[in-house]
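First comes the structure, then the notes that go with it.
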Amino acid sequence: MPTRYDPLTAEPKWRAAWADADLYRTKSPEEAGDAPKAFILEMFPYPSGRLHMGHVRNYAMGDVIARHRRAKGHNVLHPMGWDAFGMPAENAAMENKVHPGAWTYDNIAAMKSQFERLGLSLDWSREFATCDAEYYGEQQKLFLKLLDKGLVYRKASKVNWDPVDHTVLANEQVIDGRGWRSGALVEQRELTQWFFKITAYADDLLTALDGLDRWPEKVRTMQGNWIGRSEGLQMRFSFDQPPTSVPPEFEAGIEIYTTRPDTLFGASFLALSPDHPLTKQLAQQNADIAAFRAACAKVGTSEEAIEKAEKVGIDTGLSVSHPFIDGKTLPVWVANFVLMGYGTGAVFACPAHDQRDLDFARKYNLPVRTVVLPPDEKPGDFAVGDTAYVGPGTLFQSEFLDGMTIEAAKSATIEKIEAMGCGQRSVNYRLRDWGVSRQRYWGCPIPIIHCDQCGVVPVPERDLPVRLPDDVSFDKPGNPLSHHPDWADVDCPNCGKAARRETDTLDTFVDSSWYFARFASANDLDERAYWLPVDQYIGGVEHAILHLLYSRFFSRAMRDVGEMDLPSGEPFAGLFTQGMVTHETYRSDDGRWVSPSEITRDGDAVTEISTGKPLTVGPVEKMSKSKRNTIDPDTMIETFGADVARFFTLSDSPPERDVEWTQSGVEGAARFAQRVWSLFDAMPEDAATVQVSGKSDLRKYNHRAVAAIDKAVEDFRFNSAVATLYEWVSTLKKSEQPDQQADRAEGCQQLARCLVLFMPHLAEACWHRIGGSGLVAAATWPDIDASLIVDETVTLPIQVNGKRRSQLEIAKDAPQTDIEAAALADADAASFLQGKTVKKVIVVPGRIVNIVAT
RNA sequence: GCGGAUGUGGCGGAAUUGGUAGACGCACUGGUUUUAGGUACCAGCGCCGCAAGGCGUGGGGGUUCGAGUCCCUCCAUCCGCACCA
C-alpha cells in the first residue's frame with residue numbers, strides 16, 4: 001500500500017535526530033587531522049524578525065556546499081550569527097517604546113526558530129550577535145589597535161548629513177544625493193569625525209583583485225572602479241602677479257593634478273574647485289566669488305542637479321605662468337565642475353582635448369588650442385568644434401613634444417616638470433578614507449575619552465568594553481548617547497580630571513567587516529590561522545562594494561596589527577553572489593498592491609479573492625513589502641515543508657540569476673518530493689544493504705548521475721544538479737524489471753546521499769525506509785566506479801555537410817578508418833549522398849562524423 | 001558618458017575544450033485510473049509543411065568540414081559608476 005510523505009511530521013523528527021547526533025559540530029584542527037578544512041559562510045542576516053525567501057535561497061545554497069564538503073570528508077565550519085546593530089532597532093524604539101536591545105534579541109529568538117525549521121547544517125555553538133558586549137568589546141580593542149598603528153584618525157571634514165536620521169553617512173551610503181536608508185536629501189556639514197585609513201591600502205586592494213580568481217568578474221570590476229586608480233602628474237603653477245595680490249599661503253603657486261600632461265601646451269586656463277582653500281580665501285575679499293561659492297553649495301548633490309548642472313565659473317583675476325612657454329600666462333578661474341575631493345581640487349584645462357574644459361571655454365570665450373593630431377588629419381585643417389578630441393594621435397604645436405605619441409609625450413612632460421622641480425609623477429585614487437562616526441545609540445561605542453587637558457585619550461584596555469547604557473530615551477531627535485544625563489561623564493584615564501566620553505558610535509559596516517574572524521576564533525580558541533580565509537562566501541551582490549571592500553581592508557589592517565595570520569590579507573578566497581527571489585505583482589483597479597496570498601489564478605486571469613474583481617498582473621520584481629509580492633517562508637514550510645521551499649529556490653534558475661517564485665513551480669517541487677518518496681517506498685526494506693557489481697546500463701546511469709551532481713555542485717550549477725535529480729528519479733522509477741532491482745537499490749542508496757544536500761529531511765526518511773545505517777546526513781559522498789563512466793561503445797552522430805542525418809553505434813576505440821567506413825556504409829546517410837561526390841570525411845573520435853560531399 | 005553582463009520554444013532554463021540545439025521543470029494538448037474535484041500514471045509538445053523536407057539560439061557579416069559557443073558589426077534589456085581632470 002503506497003504511502004504519502006508528510007513533511008510536517010517527518011521534518012521535526014529528523015531534525016531532532018540530527019540534533020541528538022550533534023552532526024554539525026565543527027571539529028578542532030586536532031580532531032580533524034589530515035582532513036582539509038572548509039569554512040563555508042553565508043552573509044549573516046540582520047535580525048529584522050522575519051526570514052524572507054531571499055534568506056532561504058542564500059542559506060539553502062550555503063547548506064548545499066557545506067553538506068557536500070562534509071560528505072567529501074572536509075572539516076567544515078558553517079556558523080551563523082547576527083548583524084544586530086543598526087537603525088531599525090532605534091526606529092522601533094521611537095515608534096513602539098521598546099528598548100532597541102530587547103527588540104533586537106526578541107527578533108533574534110524569533111528568526112532563530114525560523115532558521116531551525118529550515119534544517120540547515122549549521123554549527124550554532126559559535127553564534128553571536130554583533131550587539132553582544134563581548135563582540136563589540138573586542139571590536140573596541142581592535143579600534144584602539146588600529147588607532148595605535150595610525151590606521152584610525154580624526155579630522156574635521158565636510159560630511160554627508162542625513163537630516164532625517166540625524167546622522168553622518170559615508171560617501172558609499174549616499175545614493176543619488178540621498179541617504180541610503182532614509183532617502184532624505186543629504187546636506188553638507190562640517191564635523192570632526194573618525195576615519196579608517198582605507199586609502200593606505202588602496203594600491204594593494206586594487207592589485208590583489210587580480211588574485212581573486214574565485215570571485216565574480218563583475219564584483220572585481222566594480223571594486224576596481226570604486227578604488228579608481230589613475231596615473232598622472234601633480235605640478236605647481238606659479239603666479240605671475242606681484243606677491244601682494246595673492247594670499248600668503250599660496251605664494252608658491254597652485255598645485256594641480258592631471259592625467260593628461262601631454263596636453264600641457266594646449267592649456268588655456270586653470271580651474272579651482274569652489275571648495276578649494278584658495279577659493280575660500282579669495283571669497284573673503286571678493287563678494288562675487290563668495291556669491292558664486294554660495295550658489296554652488298545650494299545646487300547640492302541631488303540627482304537632477306548633477307544631471308543638468310551647466311558648467312559655470314568665475315574669473316578670479318589671478319593668472320599663472322605656463323611652465324614651458326616663456327611669457328605665456330593662464331587665467332585662474334573657479335569652476336563648478338572641479339571636485340575638491342579628487343586630486344588637488346584644481347586642474348589645468350585643455351579645452352581641445354577634454355569635453356568639460358571645452359564646454360567651459362566655449363561659454364566664457366577662452367582659447368581652444370589643439371595639440372593632439374588625429375591620424376589622417378593635417379595640421380592645418382584640424383580644429384575642434386563642440387566636441388573635444390580625446391582619441392589617439394600624435395602631438396603637434398607642442399615644441400619638444402611634437403611628433404610623439406600621447407604616451408611618450410606624457411612621460412616626456414613629466415620628466416621635464418620633474419627636472420624643473422615643480423612637480424612629480426603621481427598616482428591618484430577615487431577611493432576616500434572611510435568615515436565611521438555615527439551619531440546613533442544602537443552601535444558600537446567608540447572607546448575614546450575627550451579631556452580638555454590631554455586631548456583624545458583611548459579608553460584603557462582594563463575598562464573595555466565600553467558598554468552601552470540601558471537607560472536611554474528616544475524622545476528627542478539626534479543621538480541618545482549625547483542626551484544621556486551622565487553616561488558620558490568620566491574621569492580622564494591620564495590626568496584624572498573630569499572628561500567626556502565620545503558619544504558617537506561606529507558605522508555598522510564595521511561590525512560586519514571582521515565577524516568571519518570571530519567565527520573562526522569563537523569559543524576562546526585561536527583558530528584564525530587554521531580557518532581563514534573563508535573558503536566559500538555567499539551573499540547578495542548588493543554588497544559587492546561596501547561590505548566586501550571594508551572586509552578586505554579590515555583583514556589587512558588586522559594582519560598588520562598582529563590580529564590575524566593571513567598573509568594575503570584576503571578574507572574570502574571564494575565568493576558567490578546569488579540572485580534575488582522575485583514574484584509577479586498584482587494591482588487592483590484602484591491602485592492597491594495585492595498579495596499573492598489574496599488571489600486566485602485561472603490561466604492568465606488573476607482575481608482578488610475578497611472583491612472577486614480582476615487584477616492587473618504587473619512585472620516580476622524583487623519581493624518587497626511595498627509591492628506586497630512577498631511569500632512568507634513560514635507559510636511555505638507549513639504547506640509544503642522546508643525541503644520543498646529550499647529546493648524550489650535552487651531549482652528554476654542558475655543561482656547567480658534571479659529566480660521567479662511561482663505557485664505552480666513550488667507545486668512541481670512538492671510533486672517531485674512525493675515521487676522520490678514513492679520510489680523509495682516501493683523498495684525492499686533492506687535495499688540499503690544490497691551490493692552489486694557488473695556494468696548494466698542502469699548502473700552506468702547511476703554512477704554518471706552521481707558524477708554529474710558532484711560536478712554541478714562543485715561549479716555552483718545547482719539548477720543543473722536539480723535537473724539531474726529529476727531525471728534520475730524518473731529513470732529509477734521506470735526500472736521495474738526483476739533483473740534491475742539490485743542496481744536500482746544501489747541507485748537509491750546513491751540518490752539518497754545526493755539528495756540530502758538539497759532535501760535533507762526527505763533524504764533522511766528515504767534512507768531510513770531502505771534500511772540505511774545511521775543518518776544519511778552523516779554519510780559520505782557515494783563512491784564512483786570510474787570504469788562505469790566510460791563507455792565501450794559510443795553513439796556517433798553522422799553529419800552530411802554539417803547537418804545531422806544519422807548515427808552509428810561503434811566501439812569506443814575503433815580506428816578512424818573503421819568509423820569512416822561505417823559512416824559511408826550507413827543507409828540513412830547514403831540517401832543524402834546520392835548524386836554527390838564525397839570530398840572528405842571528418843572523424844572526431846568519440847564525438848562526431850561529418851561527411852563532406854558536393 | 002564610462003564600465004560590466006545578458007539575449008536560446010508559450011515561460012524558467014540546459015548544452016562550460018567548436019561537434020546530435022532545446023536536457024530538466026512549468027504551462028498546454030490528448031489518453032488511462034480513481035473521483036465530486038485535486039492527486040497519480042501514459043503519450044505529445046521549437047517553427048513552417050499532408051509529407052518528403054526546409055528553417056531555426058536578438059539582427060547582419062565572417063572564420064570553419066562543422067558556430068548558441070570564436071571574430072567583426074549593429075540592436076535591445078538589465079546592473080554598476082558617474083563633472084574623478
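No lab work stands behind these numbers, since they all come straight from the coordinates. All values derive from a computational prediction rather than experimental measurement. Positions of Cβ are generated from backbone atoms using ideal geometry, with glycine treated the same way; all protein chains shown enter the neighbour counts.
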Exercise for review: Could you tell me how many degrees, from 0 to 90 and to the nearest 10, lie between the Cα long axis of helix A:133-148 and the main elongation axis, the longest principal axis, of the Cα atoms of chain A?
Suggested key: 40
Exercise for review: For segment A:731-789, calculate the relative contact order in percent as a whole number, restricting contacts to Cα pairs under 8 Å that are 6 or more residues apart.
Suggested key: 28
Practice item. Using the charge dipole of segment A:6-144 (Lys, Arg: +1 at Cβ; Asp, Glu: -1 at Cβ; taken about the Cα centre), state which of A:137, A:38, A:48 has its Cα farthest towards the positive end. Key: A:38
Practice item. Kindly rank A:627-633, A:327-333 from highest to lowest mean number of other beta carbons found within 10 Å of each residue. Key: A:627-633, A:327-333
Point to revise | Fewest-first ranking of A:316, A:817, using other Cβ atoms within 10 Å as the exposure measure | key: A:817, A:316
Practice item. Compute the long axis of helix A:697-714 from its Cα atoms, compare it with the longest principal axis of the Cα atoms of chain A, and write down the angle in degrees, 0 to 90, nearest 10. Key: 20
**Study point:** segment A:611-681 - percent relative contact order, Cα under 8 Å, separation 6 or more
**Key:** 22
Check your understanding: So who's got an amide H within less than 5 Å of the one on residue A:42, skipping anything under 5 residues away but keeping other chains? H placed 1.01 Å off N, in plane.
Key -> A:538
Review point. Going by a ≥ b ≥ c, the root eigenvalues of the Cα gyration tensor, does segment A:26-115 fall in the rounded group (a/c under 1.5), the prolate group (a/b larger than b/c) or the oblate group?
Key: prolate
Exercise for review: For residue A:731 and residue A:17, compute 0.36 nm times the residue count separating them, minus their Cα-Cα distance, and round to one decimal in nm.
Suggested key: 254.0 nm
Point to revise | Label-point separation, residue A:494 to residue A:189 (7 Å along Cα→Cβ), nm | key: 2.7
**Study point:** Long-range amide H partners of residue A:807 with built H, under 5 Å
**Key:** A:798
Review point. Quick one: putting +1 on the C-beta of Lys and Arg, -1 on the C-beta of Asp and Glu, what dipole do you get for chain A around its Cα centre, in Debye to the nearest 20?
Key: 920
Point to revise | Distance in nm between pseudo-label sites at residue A:132 and residue A:50 (7 Å out along the Cβ direction from Cα) | key: 2.8
**Study point:** Centroid-to-centroid separation of segment A:324-347 and segment A:389-416 [C-alpha atoms, Å]
**Key:** 20
Check your understanding: Taking the Cβ-Cβ separation of residue A:833 and residue A:792 as r and a Förster radius of 22 Å, what is the calculated FRET efficiency to the nearest 0.05?
Key -> 0.15
Revision key, fill the gap. Karplus-derived 3J(HN,Hα) from phi for segment A:267-275 (6.51 cos²θ - 1.76 cosθ + 1.60, θ = phi - 60°), whole Hz, x at Gly and Pro, runs 4, 10, 6, 9, 10, 9, 5, x, 9
Check your understanding: Which of A:112/A:145; A:197/A:416; A:280/A:311; A:13/A:112; A:700/A:840; A:37/A:711 have a Cα-Cα distance over 24 Å?
Key -> A:112/A:145; A:197/A:416; A:700/A:840
Check your understanding: How far is the Cα center of segment A:475-512 from the Cα center of segment A:203-259, in Å?
Key -> 36
Review point. Once amide H atoms are placed 1.01 Å from N in the peptide plane, what residues at a sequence separation of 5 or more from residue A:269, or on another chain, have their amide H within under 5 Å of its amide H?
Key: A:349
Check your understanding: Once the piece of chain linking residue A:378 and residue A:31 is laid out straight, how much longer is it, given 0.36 nm per residue of separation minus the C-alpha distance between them?
Key -> 117.2 nm
Revision key, fill the gap. Under the 7 Å Cα-to-Cβ spin-label approximation, residue A:715 and residue A:780 lie apart by a distance in nanometres of 2.6
Check your understanding: To the nearest whole percent, what portion of all C-alpha pairs in segment A:369-518 is separated by more than 21 angstrom?
Key -> 67
Practice item. Rounding to the nearest 20 debye, state how big the charge dipole of segment A:318-366 is about its Cα centre with +1 on each Lys and Arg Cβ and -1 on each Asp and Glu Cβ. Key: 100
Revision key, fill the gap. Note to self: C-alpha centroids of segment A:16-32 and segment A:706-739 sit apart, in Å, by 28
Review point. Which stretch or stretches of segment A:760-802 have amide N atoms under 20 Å from the point lying 7 Å from residue A:825's Cα along the Cα→Cβ direction?
Key: A:792-800
Point to revise | Acute angle (nearest 10 degrees) that the helix A:741-755 long axis makes with the longest principal axis of chain A, alpha-carbon atoms | key: 20
Exercise for review: Give the longest segment of chain A that steers clear of GluC sites (Glu not before Pro) in DSSP loops with at most 16 neighbouring Cβ atoms within 10 Å, not counting the sites themselves.
Suggested key: A:378-655
Check your understanding: Using alpha-carbon pairs under 8 Å, 6+ residues apart, how would you state the relative contact order of chain A in percent?
Key -> 13
Exercise for review: Take every Cα-Cα pair in chain A and report what % of them are more than 42 Å apart.
Suggested key: 51
Practice item. With a/c under 1.5 counting as rounded, go ahead and sort segment A:365-457 into rounded, prolate or oblate using the C-alpha gyration tensor (a ≥ b ≥ c being the square roots of the eigenvalues; past the cut-off, prolate if a/b is larger than b/c, else oblate). Key: prolate
Check your understanding: Just from its helices, what would the mean residue ellipticity at 222 nm be for chain A, if runs of 4 or more DSSP H residues each count -39500 (n - 2.57) and the sum is divided by every residue, rounded to the nearest 500 deg cm²/dmol?
Key -> -10500 deg cm²/dmol
